[in-house]
Amino acid sequence: RNDVEVLDEPLYAHFLRVSGFDRPYRDQILSNMESDGNKVVNDIIYRPGNNKYRFCKHISKQRVLGLPEDLIKKGKHFIFIRNPLDILPSFGKVVPPSFFELGLLELVQIYNELCDIGKPPPVIDAEELQKDPEDSE
């Protein structure tokens, strides 16, 4: 679609810098992406755009301290889930799979926080979306 701007994990460098987690591509990410979370939020995520929509794909575990409090309150959110058994093999190629790496605790916290502020997000199952992209709920 030409009316959507897509940002794929814009806070990833911030997560790597703040968490100190090692990844095989850590240096490359940190040298190519802004690692100051406040700058990413204000200058990239919240910046005015030319498209009608801006889609920001985030990973729940990348929600770390030091991000603006209003990030969760702004915008419209949905939660896209995959069966953990389907993603474990791909994690093993980069890092040993763990409860933290899957981000499940953070995902539940984000879901609950959105519900608490009156913005319950739709939850979209990747498998269901692939089966029927036009009629997935």
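Values computed for the structure shown
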{"quantity": "Identity of the residue in the stretch 1-30, hydroxyl-bearing (Ser, Thr, Tyr) and assigned to a helix (DSSP H, G or I), that ends up modelled with the highest pLDDT", "calculated": "Tyr12"}
{"quantity": "Filter result (assigned to a helix (DSSP H, G or I) and hydrophobic (A, V, I, L, M, F, W, C)) within the stretch 31-59", "calculated": "Val40, Val41, Ile44, Ile45"}
{"quantity": "Residues satisfying the stated conditions in the stretch 127-137, i.e. surrounded by fewer than 10 Cβ atoms within 10 Å (Cβ to Cβ) and part of a loop (DSSP other than H, G, I, E, B)", "calculated": "Asp132, Pro133, Glu134, Asp135, Glu137"}
{"quantity": "Tally, over the stretch 22-50, of residues that are out of contact with any Leu (no Cβ under 9 Å at 6 or more places or on another chain) and touching a residue at least 40 places away in the same chain (Cβ under 8 Å)", "calculated": "3"}
{"quantity": "Residue in the stretch 18-33 that is buried (at least 17 other Cβ atoms within 10 Å of the Cβ), under 21 Å from Phe99 (Cα atoms) and not assigned by TED's automatic domain parsing to the domain that holds Glu113 present", "calculated": "yes"}
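The values are calculated or read from the model by the stated rules, or taken from the named source; none is laboratory data. Small disclaimer: the values here were computed from a predicted structure and weren't measured. So basically every Cβ, Gly included, is an ideal-geometry build from the backbone, and we count neighbours across all protein chains shown.
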